[in-house]
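Below is one structure, written out as structure tokens, with a few remarks after it.
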Amino acid sequence: MLGPESWREMVREAVGDNEDLQLELVEGVNISGDLQEALYWANTYGIPKHKRPYNIQMLQDEASCRSVCHMCFVSF
């Protein structure tokens, strides 16, 4: 069984710089239900927000909000 980093390395090699495959990867991982992994790949490849699946856009917004809110609480 492959560990997560081994799988990611294989994916990086297979997808390369092909933007169509990058987006297809994010969509496929999203459909499989692994939203965090889909977000990881969307961020790794710098896929623009408007091209990401809607639920991945929302997950990114939620993560950004948590990060900002956390910084606000820490600074007080």
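Since every read-out is calculated from the coordinates, none of them should be taken as a lab result. Since we're looking at a predicted model, the values are computed, not measured. Ideal geometry is used to build each Cβ from the backbone, glycine not excepted, and the neighbour counts take in all protein chains shown.
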Check: Helix 4-15 sits at what angle to the longest principal axis of the chain, using alpha carbons and giving 0 to 90 degrees rounded to 10?
Finding: 60 degrees
Check: What's the extension gain from residue 34 to residue 50 if we count 0.36 nm per residue and subtract their Cα-Cα distance?
Finding: 3.8 nm
Check: Tilt of helix 19-31 relative to the longest C-alpha principal axis of the chain, in degrees (0 to 90, nearest 10)?
Finding: 70 degrees
Item checked: Simple spin-label estimate for residue 58 and residue 21 in nanometres, 7 Å along Cα-Cβ -> 3.1 nm
Next item on the list: Specify the angular offset, from 0 to 90 degrees and rounded to the nearest 10, of the alpha carbon long axis of helix 35-44 from the longest principal axis of the alpha carbons in the chain.
Entry: 80 degrees
Note to self: Based only on Cα atoms, what mean projected area does the convex hull of the chain have, in nm²?
What the structure shows: 6.1 nm²
